Amino acid sequence: MNQPPAPSPQPPARPERLVIFDTTLRDGEQAPGIALSPDDKVAIATQLARLKVDVIEAGFAASSQGDFEAIRRIAAEVHGPVIAALARTHPDDIDRAAESLASAERSRIHVFMSTSPIHMERMLNITPSEALASIIEGVSRAKTYSDDVEFSPQDATRSDPDFVIETCKAAVAAGATTINIPDTVGYSMPSEFASLIERVVREVRNGDERVIISTHCHNDLGMAVANSLAAIGAGARQIECAVNGIGERAGNTSTEEIIMAVRTRGDHFGVDVGADTTQIFETSRLVSRLTGYPVQFNKAVVGRNAFAHEAGIHQHGVLKHRETYEIMDPATVGQRSLLVLGKHSGRAAFADTLDKMGVVLEDVEFQRAFDRFKELADRKGEIGEEGLRGIIEEETGIAADVVKLVGLHLKGGDQETPVATVRVTRGDEPIEVSAEGDGMVNAAFVALQDAFGIPATLLDYRVVPYTAGADAMAEVSVIIQIGPTTYSGRGVSTDVVEGSARAFVAALNKALTARNGALASGDS
Ligand code: KIV
Ligand code: ZN
């Protein structure tokens, strides 16, 4: 008797797609001290498109003219990802979001309303039924502009879960296709958050394949990534996140950590992302440079030490076989082996190295970066890739400089009051100012404030050496405050005071540019 044919082997289940919704330009930009110009935002959005995130939340259209303009430009100029804009449930907010997104190939309006007692009673002064009515009104209005509408019950993890379910069901009935559950204040623990997501998947999505359940976690207790990953196990298929984990207070879930966790442990999560992981390192550098937020050395995936091996046993192991101590290949996140240029390197070697680093500069920027490289290489001998990046970032960041630092002279020291004399040019006009301070860096800061005619307060000051030793090149990052606004700046040098002065000049120039812009547009 013939045997029945053996059943053909089942193809392995395809991993489900996890949507990466990047909010670097919206929640990330809400971090103190970050003030991105529309040009900066377009540059970051373009890089996010290279990273192939699925959704870019480009801003909160009704919050300012600058945000509106940045979303409008990203919608028109950046192709690939869906472009999203945030809106409260107010009709004006929704209309403004829709207007900002008008040129996008694919757009999403992200509507939010607080659902926790503390937000509704203490902040908004509304009742739960008023909140519910406003959610239905807001989502329905957004739906008239776009098929793609997302709803978030803000502070969901401190809300009554029954009310969260009620509002989310109402939002889906009004047309929302993504339901995002925010842990707005980073309060939840992974198992609790997973239970909430499981309930939302069961009762709100309820098998409807058009509806995606999403998470948006803050890092107040350091749980943002853990909570987001726990939610994937509970059925979430969109994660909201920001590059380098920046965002309100302690920040958001970090985009690069989610992408690499899911890629490295696909066996565990059963989902995959569409990201081009080789763009991760470049994206992190760009966000760090434009926001002025340094990346901590031991930051997972993108920190300087993420692939560095210090202990002899580890170095030995990695040299024998990389996987002895590395679970990810640095090349998969775009980390290259370090390139070095010396003081005898000429223009061709410099251009070749930039090419290998994937850096393209306009002629003027190239010349400026090359001149600065020669100046520093003469002092230091060799400059590694990190130092070269620092130089390029500093020199390309000053394209719109109003004031340039041309000289710095320091006097005094141990027994004498430190005095800094700075020479700057404003257009063709040279200005020289001397000032005393309680240290050399402080004296330079005071002199520069006089030269710019802007009184400022130093809020944050950091020196990060690129190499060890007395002749180390270092990057100085500062955040200054002028009135209610903060500005960041960076400087690179072999000398800490000079690097600090360059960082102050970069930050003060941003303030001056903002002030000139405000005067030109008639704002007071
Ligand atoms: O943290 C939060 O709740 C938010 C919402 C607007 C999604 O950022
Ligand atoms: Zn948030």
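The values are calculated or read from the model by the stated rules, or taken from the named source; none is laboratory data. The model shown is predicted, which means the values in this text are computed figures rather than measured ones. With ideal geometry, Cβ positions are generated from the backbone for all residues, glycine too; neighbour counts draw on all protein chains shown.
So here's what we get for this one:
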| quantity | calculated |
| --- | --- |
| Test for residue 70: is it within 21 Å of the chain's Cα centre (by Cα) and either part of a helix (DSSP H, G or I) or closer than 24 Å to residue 274 by Cβ (or both) | yes |
| Within the stretch 101-116, considering residues that are hydroxyl-bearing (Ser, Thr, Tyr), within 16 Å of ligand 1 (Cβ to nearest atom) and touching a strand residue (DSSP E or B) at 6+ places or on another chain (Cβ under 6 Å), the one farthest from residue 74 (Cα to Cα) | 115 |
| Enumeration of residues in the stretch 246-285 that are in contact with a helix residue (DSSP H, G or I) (Cβ under 7 Å, 6 or more places away or on another chain), within 16 Å of ligand 1 (Cβ to nearest atom) and farther than 17 Å from residue 214 by Cβ | 246, 248, 251 |
| Segments classed as strands (runs of 3 or more DSSP E), wholly inside the stretch 382-482, with at least 2 members that are more than 27 Å from residue 35 (Cα to Cα) and either in contact with a Cys (Cβ under 9 Å, 6 or more places away or on another chain) or at pLDDT 90 or above (or both) | 403-411, 419-426, 429-436 |
| Test result for residue 240, within 13 Å of the chain's Cα centre (by Cα), of a type outside the set (Gly, Ala, Ser) and more than 24 Å from residue 329 (Cα to Cα) | yes |
| Candidate set: the stretch 24-51, residues that are of a type in the set (D, E, K, R) and assigned to a loop (DSSP other than H, G, I, E, B); chosen: the one nearest to ligand 2 (Cβ to nearest atom) | 27 |
| Within the stretch 292-325, tally of residues that are outside any loop (DSSP other than H, G, I, E, B) and either in contact with a Gly (Cβ under 6 Å, 6 or more places away or on another chain) or assigned by TED's automatic domain parsing to the domain that holds residue 255 (or both) | 1 |
| Qualifying residue in the stretch 153-161 (condition: surrounded by fewer than 18 Cβ atoms within 10 Å (Cβ to Cβ) and either without any contact (Cβ under 8 Å) to a residue 12 or more places away in the chain or not basic (Lys, Arg) (or both)) | yes |
| Meets criteria (closer than 19 Å to residue 111 by Cβ, outside any loop (DSSP other than H, G, I, E, B), touching a Leu at 6+ places or on another chain (Cβ under 8 Å) and of a type in the set (Val, Ile, Thr)) for residue 164 | yes |
| Residue 274 vs. criteria on the phi > 0 side of the Ramachandran plot, assigned by TED's automatic domain parsing to the domain that holds residue 233 and either at pLDDT 95 or above or charged (D, E, K, R) (or both) | no |
| Residue 148 being crowded, with 17+ Cβ neighbours inside 10 Å and either within 16 Å of ligand 2 (Cβ to nearest atom) or not hydrophobic (A, V, I, L, M, F, W, C) (or both) | yes |
| Conditions (1) crowded, with 18+ Cβ neighbours inside 10 Å; (2) in contact with a Leu (Cβ under 8 Å, 6 or more places away or on another chain): number failed by residue 120 | (2) |
| Within the stretch 90-127, tally of residues that are in a loop (DSSP other than H, G, I, E, B), touching a residue at least 24 places away in the same chain (Cβ under 8 Å) and closer than 14 Å to residue 155 by Cβ | 2 |
| Tally of residues being closer than 28 Å to residue 333 by Cα, without any contact (Cβ under 8 Å) to a residue 12 or more places away in the chain and not in a helix (DSSP H, G or I) across the stretch 345-371 | 2 |
| Verdict on residue 209 being in contact with a helix residue (DSSP H, G or I) (Cβ under 9 Å, 6 or more places away or on another chain) and more than 13 Å from residue 150 (Cα to Cα) | no |
| Filtered residue count, the stretch 184-221, keeping only those that are away from ligand 1 (no atom under 16 Å from the Cβ) and in a loop (DSSP other than H, G, I, E, B) | 7 |
| Counted residues, the stretch 251-272 - those being within 22 Å of residue 330 (Cβ to Cβ), touching a residue at least 60 places away in the same chain (Cβ under 8 Å) and either surrounded by 22 or more Cβ atoms within 10 Å (Cβ to Cβ) or within 16 Å of ligand 2 (Cβ to nearest atom) (or both) | 6 |
| Qualifying residue in the stretch 109-129 (condition: away from ligand 2 (no atom under 16 Å from the Cβ) and among the basic types (Lys, Arg)) | yes |
| Test: residue in the stretch 172-179 that is within 28 Å of the chain's Cα centre (by Cα), within 16 Å of ligand 1 (Cβ to nearest atom), crowded, with 23+ Cβ neighbours inside 10 Å and in a loop (DSSP other than H, G, I, E, B) | yes |
| Test: residue in the stretch 213-234 that is within 16 Å of ligand 2 (Cβ to nearest atom) and of a type in the set (Val, Ile, Thr) | yes |
| Filter pass, residue 130 being without any contact (Cβ under 8 Å) to a residue 12 or more places away in the chain, surrounded by fewer than 16 Cβ atoms within 10 Å (Cβ to Cβ), assigned to a helix (DSSP H, G or I) and away from ligand 1 (no atom under 14 Å from the Cβ) | yes |
| Qualifying residue in the stretch 237-250 (condition: assigned to a helix (DSSP H, G or I), touching a strand residue (DSSP E or B) at 6+ places or on another chain (Cβ under 9 Å), away from ligand 2 (no atom under 16 Å from the Cβ) and closer than 19 Å to residue 184 by Cα) | no |
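Each row is one residue, and each column tells you yes or no for (1) more than 23 Å from residue 486 (Cβ to Cβ); (2) more than 16 Å from ligand 1 (Cβ to nearest atom); (3) at pLDDT below 95; (4) surrounded by 22 or more Cβ atoms within 10 Å (Cβ to Cβ).
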{"residue": "27", "(1), (2), (3), (4)": "no, no, no, yes"}
{"residue": "30", "(1), (2), (3), (4)": "no, no, yes, no"}
{"residue": "44", "(1), (2), (3), (4)": "no, yes, no, yes"}
{"residue": "47", "(1), (2), (3), (4)": "yes, yes, no, no"}
{"residue": "52", "(1), (2), (3), (4)": "yes, yes, no, no"}
{"residue": "60", "(1), (2), (3), (4)": "no, no, no, yes"}
{"residue": "70", "(1), (2), (3), (4)": "no, yes, no, yes"}
{"residue": "76", "(1), (2), (3), (4)": "yes, yes, no, no"}
{"residue": "79", "(1), (2), (3), (4)": "yes, yes, no, no"}
